[in-house]
Amino acid sequence: MMLSFFDQFMSPTYMGIPLIALAIALPWTLYPTPTSRWLNNRVLTLQGWFINRFTQQLLLPLNPGGHKWAVLLTSLMLFLITINMLGLLPYTFTPTTQLSLNMGLAVPLWLATVIIGMRNQPTAALGHLLPEGTPVPLIPVLIIIETISLFIRPLALGVRLTANLTAGHLLIQLIATAAFVLLPIMPTVAILTATGLFLLTLLEVAGAMIQAYVFGLLLSLYLQENV
């Protein structure tokens, strides 16, 4: 049976039950839990150092009022990084290639930043819709444009993550298929293609981490405008 290149993005099922819930819940079990000892082992120390560095980078655009979101933003970024990296393993499924999941993460978090801005500083939040010094005839047009751009933000968050991961996975599968087909015909070209596939895989590993970081960073920037 011939399979489509897009079949890899279908959620696997077992006895009619989608396994995407298991794929989402499993990454949390891969991280070692802190111990009650005074000194941690090397793995926990390295993990804590990475988490602290990532948290510092995410909180750079935020003033002290937005640091309450540190746990949420860091947990979200680690969750996305883990899912994206696990999706690069053979015979695995990447939940973040589903637009529904990404929009389910982007819309509530974006809406929370907007609600916080409307509650804490409604004048400043509404002031973002109209730049200062705008000519009177352009006021209605600019308000409409800024409102549309505000509501496009969660769509851009979800689509960016989905499109980058989907494109990377498709490119890896296309090049792998080409190397497999060329191996009995032109072994030299197949070896060069496999080398390019290896380099592309390394690039995709970096892209999986970068996309998760960009998702959290953009949320922190949206939050900064409303705190």
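Find the helices (runs of 4 or more DSSP H) located wholly in the stretch 50-161 whose residues include 2 or more that are polar (S, T, N, Q) and surrounded by 13 or more Cβ atoms within 10 Å (Cβ to Cβ), and list them.
Per the criteria, 70-86, 99-120.
Here the condition is being closer than 30 Å to residue 80 by Cβ, open to solvent by less than 80 Å² (accessible area, probe 1.4 Å) and part of a loop (DSSP other than H, G, I, E, B); of 227, 205, it holds for 227 alone.
Of the numbered criteria (1) among the small types (Gly, Ala, Ser); (2) at pLDDT below 85; (3) more than 29 Å from the chain's Cα centre (by Cα), the one residue 179 fails is (2). Would the stretch 32-43 turn up any residue that is out of contact with any helix residue (DSSP H, G or I) (no Cβ under 6 Å at 6 or more places or on another chain) and within 27 Å of residue 225 (Cβ to Cβ)? Taking every residue of the stretch 32-43 in turn, none turns out to be out of contact with any helix residue (DSSP H, G or I) (no Cβ under 6 Å at 6 or more places or on another chain) and within 27 Å of residue 225 (Cβ to Cβ).
Determine if the stretch 168-182 includes at least one residue that is of a type in the set (Gly, Ala, Ser) and within 24 Å of residue 98 (Cβ to Cβ). Yes, there is a match, as at least one residue in the stretch 168-182 is of a type in the set (Gly, Ala, Ser) and within 24 Å of residue 98 (Cβ to Cβ). Of the residues making up the stretch 1-23, not one is of a type outside the set (A, V, I, L, M, F, W, C), at pLDDT below 70 and either in contact with a helix residue (DSSP H, G or I) (Cβ under 6 Å, 6 or more places away or on another chain) or open to solvent by 100 Å² or more (accessible area, probe 1.4 Å) (or both).
Please work out if residue 127 is in contact (Cβ under 8 Å) with a residue 12 or more places away in the chain and of a type outside the set (Ser, Thr, Tyr).
no
I'd like to check something: does the stretch 164-183 contain any residue that is open to solvent by 60 Å² or more (accessible area, probe 1.4 Å), under 30 Å from residue 63 (Cβ atoms) and in contact (Cβ under 8 Å) with a residue 60 or more places away in the chain? Looking for residues that are open to solvent by 60 Å² or more (accessible area, probe 1.4 Å), under 30 Å from residue 63 (Cβ atoms) and in contact (Cβ under 8 Å) with a residue 60 or more places away in the chain, one finds none in the stretch 164-183, hence no.
Within the stretch 26-42, the set of residues being open to solvent by less than 90 Å² (accessible area, probe 1.4 Å) and part of a helix (DSSP H, G or I) comprises 26, 27.
The values are calculated or read from the model by the stated rules, or taken from the named source; none is laboratory data. The model shown is predicted, which means the values in this text are computed figures rather than measured ones. Because the Cβ atoms are built from the backbone with ideal geometry, glycine has one as well, and the counts that use them run over all protein chains shown. Each accessible area value is taken on the protein alone, full model and side chains, heavy atoms only, with ligands, DNA and RNA left out. Shrake-Rupley method; radii C 1.70, N 1.55, O 1.52, S 1.80 Å.
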